[in-house]
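A short write-up of the structure that comes next.
The values are calculated or read from the model by the stated rules, or taken from the named source; none is laboratory data. The structure displayed is predicted, hence computed values, not measured ones. Note: ideal-geometry Cβ built from the backbone for every residue, glycine included; neighbour counts use all protein chains shown.
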Amino acid sequence: MNSWFKDWFDSDFYLKVYSHRNDADARKLLEFILANISLPKRAKVLDSSCGNGRHSILFAQKGFDVTGFDLSLNLLKQANVAKEKFNLPIKLIRADIRTFHVKEKFDLIVNLFTSFGYFVSDEENFAFFYNAFGMMESGSYFIFDYLNPKFLQKNLVGSDSQKIGESTIMQSRRIRDNRIEKEIIVNKLNETYKFQESVKLYPKDFLTEKLMKIGFSIINTSGDYDGNNFNEMNSPRIILIMKK
């Protein structure tokens, strides 16, 4: 299960399963972010694990100088189609989040939609935060958007299924060994495809302690894209606004 993300994110079914995470959802998060930080007019923004570019596109449309990177060729191709559609000068890079580092300095770095916790070790999972800190000037921002383990445990849906076009998608979920694990089975035209997800669960206090040790200052902690205060049992997200 160590490299589940390679097969899953490069499949044609990934964006269908997460179709509810759409442009409106991304726009809501972007507006929350920009309402809580102050950026220069042509700020340099790094969108880590940018996927199909929905956040990168919105940042670029605001006039920011955007770089996005992801490991998935499939998602990067879709991000490239989107940037060309809107004629936006977004720089897209294929890279592994554990090792990504450039000499360029950014005014804002974002890690959104639980693009974290995919690996077995804490060292691998937190590697990007150390590298990101080195790609920031004093006063630069880092936005971290991650699931809330307590809320997830309380509201976990064990299984569900949905019909999308010619595909029937069945999902089963469980928490095991401090990870949320999901099995996705897709039946399409008499063919069956199987995928997995596995994300390590980190409570907020552990995250904030670790991030402050790296050197980040946490200036805001919210529990959803509306900007409501974080509540450990009732907030679906952990959204940290941090500064170097």
Original post:
Of the residues Ala127, Ala132, Ala95, which single one is touching a Lys or Arg at 6+ places or on another chain (Cβ under 6 Å) and closer than 30 Å to Ala43 by Cβ?
Top reply: Ala127
**OP:** Scan Phe113, Phe106 and give me the residue that is buried (at least 19 other Cβ atoms within 10 Å of the Cβ), at pLDDT below 95 and under 23 Å from Asn52 (Cα atoms).
**Re:** Phe113
Original post:
Could we say that Pro149 is under 22 Å from Leu29 (Cβ atoms), modelled with pLDDT of 95 or more and touching a Phe, Trp or Tyr at 6+ places or on another chain (Cβ under 6 Å) here?
Top reply: no
Original post:
Which condition number in (1) among the charged types (D, E, K, R); (2) at pLDDT 95 or above; (3) surrounded by fewer than 18 Cβ atoms within 10 Å (Cβ to Cβ) is the one that Arg237 fails?
Top reply: (3)
Original post:
How about segment 116-135: which of its residues are crowded, with 19+ Cβ neighbours inside 10 Å, hydrophobic (A, V, I, L, M, F, W, C) and not in a helix (DSSP H, G or I)?
Top reply: Phe116, Phe119, Met135
Original post:
Exactly one of (1) under 21 Å from Gln171 (Cβ atoms); (2) within 16 Å of the chain's Cα centre (by Cα); (3) not in a loop (DSSP other than H, G, I, E, B) is unmet by Leu58. Its number?
Top reply: (1)
Original post:
Mind checking which residues of segment 116-132 are under 13 Å from Leu211 (Cα atoms) and acidic (Asp, Glu)?
Top reply: Asp122, Glu123
Original post:
Mind checking whether some residue in segment 182-189 is over 20 Å from Tyr130 (Cβ atoms), buried (at least 18 other Cβ atoms within 10 Å of the Cβ) and touching a Phe, Trp or Tyr at 6+ places or on another chain (Cβ under 6 Å)?
Top reply: yes
Subject >> Phe144, sole failed condition from (1) under 16 Å from the mean Cα position of the chain (by Cα); (2) outside any strand (DSSP E or B) >> reply: (2)
Subject >> Residue among Gln162, Gln171 that is more than 30 Å from Lys244 (Cβ to Cβ) and either in the same structural domain as Phe144 (by TED's automatic domain parsing) or surrounded by 15 or more Cβ atoms within 10 Å (Cβ to Cβ) (or both) >> reply: Gln171
Subject >> Subset of segment 37-64 [out of contact with any helix residue (DSSP H, G or I) (no Cβ under 8 Å at 6 or more places or on another chain) and within 22 Å of Tyr18 (Cβ to Cβ)] >> reply: Ser49, Gln61
Original post:
Quick one: in segment 7-43, which of the residues that are touching a Phe, Trp or Tyr at 6+ places or on another chain (Cβ under 8 Å) and outside any helix (DSSP H, G or I) is nearest to Asn220 (Cα to Cα)?
Top reply: Ile37
Original post:
Does at least one position in segment 213-233 carry a residue that is touching a residue at least 24 places away in the same chain (Cβ under 8 Å), polar (S, T, N, Q), closer than 30 Å to Asp7 by Cα and surrounded by 13 or more Cβ atoms within 10 Å (Cβ to Cβ)?
Top reply: no
